Structure formats: structure tokens, C-alpha cells
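Contents: one structure, followed by commentary.
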């Protein structure tokens, strides 16, 4: 019984030990001094998906990786790169998934076709169900 309690305690303490303990990246939460550059950086951050959270943009995510990505975007904007150049670099590094609007290609074709196929399948099932009900009512 003591071993089970000790094991349970260790399992509960494991997530606390998983914290990296590293400070966030230098520009993760620091805004750029130039308001126009910061606006460009924020606009780009809103359109880049967090690779850890996957449901949030890096602007909204508290993940360490998102903080590092925010810092990298701010550094590149401050260095004079355009948001389009930074987006291109991010896609080359992390893939099309990092954008909320992946381009139509052979790899992303299922993402674009799946909703249409599922909608058609649902309409076909509903039609068959209504036909069956009409036949039983007659």
C-alpha cells in the first residue's frame, strides 16, 4: 500500500518536474520600440499556428515554443525582413500546417476536399433516410 501511495505521489509530481525552468526568449513578451514594426509583428503572429498548442496562434499561446517564435518574428522584423519573407521562412521550416490557410497542393488536397465529401455523404444519408420513411408511411 505504501508503494502504491508513493508511486501515485511520484506520478502526480512528474508534471511539475517537466517544467523547463528556462526564462522566456528575450523578445517573447517585449514589444518592439517602433509601433509600425510591432503592428507588423503582431499581425503576423495572429496568423501563425502554435506548433505545441495547434489550436491557438502564437500570439495567444503561452507555450515556450510560441514565445521563442514570437521573439524570432520580432527580431526578424527589427532586422528589416518583411512579414511575407518571415512567413515563407516559417513554412519552409515547419511546413504548411503552421498557417491557418494552407495552400492547395497534393499534400493538402484532403484538407480541402474532406468537408465537401462529408457534406455530400451526409446529404446522401439524409436523402436515403427520408425516402425510407416516405415508403413506410405510404
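Here r is the Cβ-Cβ distance between residue 89 and residue 125 and R0 is 41 Å; the resulting FRET efficiency, rounded to 0.05, is 0.40.
Helix 83-94 and the longest principal axis of the C-alpha atoms of the chain enclose an angle of approximately 70°. Any idea what angle helix 109-137 forms with the longest principal axis of the chain, computed on alpha-carbon atoms, 0 to 90 degrees, nearest 10? Result, in degrees: 30.
What residue among 43, 84, 126 has the largest mean-square fluctuation in a Gaussian network model of the chain, using Cα springs under 10 Å? Of 43, 84, 126, the Gaussian network model singles out 126 as fluctuating most.
Multiplying the sequence separation of residue 6 and residue 57 by 0.36 nm and subtracting their Cα-Cα distance, what value in nm do you get?
On the way: separation 51, 0.36 × 51 = 18.36 nm, distance 3.91 nm.
In short, 14.5 nm is gained.
The angle between the Cα long axis of helix 35-46 and the main principal axis of the chain comes to about 40°, on a 0 to 90 degree scale. The structure shown yields percent of Cα pairs over 22 Å apart, and of the options [x] 30; [y] 41; [z] 59 that calculated value carries the label [z].
Any read-out appearing in this document is the output of simple, stated calculations on the displayed coordinates, not a laboratory observation. The structure displayed is predicted, hence computed values, not measured ones. Note that each Cβ is placed from the backbone with ideal geometry, even for glycine, and that neighbours are counted across all protein chains shown.
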